[in-house]
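Here's the structure we're looking at; comments come further down.
The values are calculated or read from the model by the stated rules, or taken from the named source; none is laboratory data. The structure presented is a predicted model; accordingly, all values stated were derived computationally and were not measured. All Cβ positions, even for glycine, are placed from backbone atoms using ideal geometry, and neighbour counts span all protein chains on display. Protein only, heavy atoms only, side chains kept; ligands, DNA and RNA dropped before computing areas. Shrake-Rupley method; radii C 1.70, N 1.55, O 1.52, S 1.80 Å.
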Amino acid sequence: MTLIIDCHGHYTTAPAAHNDWRDVQKAAFKAGAETPLYPSISDDEIRETLETNQIRLLNERGADMTIFSPRASAMEPHVGDEAVATAWARANNDLIKRCADLYPDIFAPVCMLPQSPAADMQGSIAELQRCVDMGFIGCNLNPDPGGGHFKHPPLTDSFWYPFYEKMVDLDVPAMIHVSGSCNPGLHATGAYYIAADTIAFMQLIEGDLFKDFPSLRFIIPHGGGAVPYHWGRYRGLADMLKKPDLADHVMNNVFFDTCVYHQPGINLLADVIGNKNILFGSEMVGAVRGIDPTTGHYFDDTKRYVDALDISDNERYMIFEGNARRVFPRLDAQLKARGL
């Protein structure tokens, strides 16, 4: 029986005390004051937030587990300095760890990184190591820590190489995921996220990153942004740039999720992108929470769309389970240890 693994979940329903502490932390930094200690949050408070939201929806929609990380829009590495970013990352990752400890069969933890815009990647390397030591299976890597101005070097630049070396050493993938937008011209979930996904893919085409890191693995979320819809453009640009065919140049290392909120979009994704490169994901409870009036179902109930694809049972298994186990080998090991 196929295990339905949602590769893209965020703790968007974290306890109020956690979010309140963040407000206090930001205010303290602005005032030049010391931040109070992180509040005490009980296991029951965490259970309440999960059982009435993510766990309930997983059960209702027929999924078994989710790869779970802090709320993306709240990562905000551009807020404060590196010390602020580090404290916030640690608080979030520790909370994700508690979720996974309370429900180890449901949540597989993925960490955020303290990518303060003025910092190098050493703090992120340390946090990734700390989290993997606690059982985390991957990370969210922000290609634009400045929050909407894209001033960082492209993902193929040597700036990122020390972090990639650590990823390879630990055998963990990264989801390429920006945070909140501080650019008023970029709506966070409707423009910034999709633009960043698309930009990241083009950066990978322009470089030769995977020659240096042949085992590096990235998940580009939200169905790959605009990439599947413009696949011919990217194939053509790779040809103009004298790069190899995309199948060899990037698609052994890059994967897309199914956070695409209508059936025609999922159909296009499956038609254009090889099913070996697609991981089931919903990003719930996330960017789009309402009910589609044309179907009567939630927009982010993406399992329905995958169920409806005209593909083989083996292809569907790979999207729901097999690809996630291949991209996240630490998850595969954890599942095997549980006899799955």
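Values as computed for the structure displayed
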quantity: When residues of segment 84-96 are limited to those that are buried (at least 24 other Cβ atoms within 10 Å of the Cβ) and out of contact with any strand residue (DSSP E or B) (no Cβ under 6 Å at 6 or more places or on another chain), the one nearest to F107 (Cα to Cα); calculated: A89
quantity: Residue that is closer than 25 Å to A108 by Cα, among the aliphatic types (A, V, I, L, M) and in contact (Cβ under 8 Å) with a residue 60 or more places away in the chain, where the choices are I4, I55, I41; calculated: I4
quantity: From the options R330, R289, R338, residue that is open to solvent by 50 Å² or more (accessible area, probe 1.4 Å) and free of Cβ contacts under 8 Å to residues at least 40 places away in the same chain; calculated: R289
quantity: Long-range neighbours under 9 Å by Cβ, at least six apart or interchain, first residue more than 25 Å from G232 (Cβ to Cβ) and open to solvent by 20 Å² or more (accessible area, probe 1.4 Å) within segment 205-216, second assigned to a loop (DSSP other than H, G, I, E, B) and of a type in the set (D, E); calculated: S215/D171
quantity: Residue satisfying condition, being touching a Cys at 6+ places or on another chain (Cβ under 7 Å) and closer than 29 Å to G322 by Cα, within set I67, I55; calculated: I67
quantity: Restricting segment 259-282 to residues that are closer than 12 Å to N323 by Cα, in contact with a helix residue (DSSP H, G or I) (Cβ under 7 Å, 6 or more places away or on another chain) and part of a helix (DSSP H, G or I), the residue that is least open to solvent (accessible area, probe 1.4 Å); calculated: N275
quantity: Residues of segment 20-54 that turn out to be in a helix (DSSP H, G or I), surrounded by fewer than 18 Cβ atoms within 10 Å (Cβ to Cβ) and either among the aromatic types (F, W, Y) or under 20 Å from the mean Cα position of the chain (by Cα) (or both), as a count; calculated: 1
quantity: Conditions (1) closer than 14 Å to A14 by Cβ; (2) touching a Ser or Thr at 6+ places or on another chain (Cβ under 7 Å); (3) of a type in the set (D, E, K, R): number failed by E82; calculated: (1)
quantity: Among residues of segment 63-83, those that are buried (at least 20 other Cβ atoms within 10 Å of the Cβ) and in a helix (DSSP H, G or I), counted; calculated: 1
quantity: Residues (over 18 Å from the mean Cα position of the chain (by Cα) and not aromatic (F, W, Y)) located in segment 204-223; calculated: I205, E206, G207, D208, L209, K211, D212, P214, S215
quantity: Selection from segment 130-146 of residues that are in a loop (DSSP other than H, G, I, E, B) and either open to solvent by 10 Å² or more (accessible area, probe 1.4 Å) or not β-branched (V, I, T) (or both); calculated: M134, G135, F136, N142, P143, D144, P145, G146
quantity: Residue check, G296 assigned to a loop (DSSP other than H, G, I, E, B) and either touching a residue at least 60 places away in the same chain (Cβ under 8 Å) or touching a strand residue (DSSP E or B) at 6+ places or on another chain (Cβ under 9 Å) (or both); calculated: no
quantity: Residue in segment 231-242 that is surrounded by 22 or more Cβ atoms within 10 Å (Cβ to Cβ) and either aliphatic (A, V, I, L, M) or not in a helix (DSSP H, G or I) (or both) present; calculated: no
quantity: Residue within segment 250-258 that is open to solvent by less than 30 Å² (accessible area, probe 1.4 Å), over 18 Å from the mean Cα position of the chain (by Cα) and farther than 26 Å from D300 by Cα present; calculated: yes
quantity: Enumeration of residues in segment 147-202 that are of a type in the set (V, I, T) and either out of contact with any helix residue (DSSP H, G or I) (no Cβ under 9 Å at 6 or more places or on another chain) or open to solvent by less than 40 Å² (accessible area, probe 1.4 Å) (or both); calculated: T156, V168, V172, I176, V178, T198, I199
quantity: Condition met for F280 (closer than 26 Å to R56 by Cα and at pLDDT 95 or above); calculated: yes
quantity: The listed residue being assigned to a loop (DSSP other than H, G, I, E, B) and of a type in the set (G, A, S), out of A108, A91, A87, A14; calculated: A14
quantity: From the options D245, D212, D257, residue that is modelled with pLDDT of 95 or more, of a type in the set (D, E, K, R) and touching a Pro at 6+ places or on another chain (Cβ under 7 Å); calculated: D257
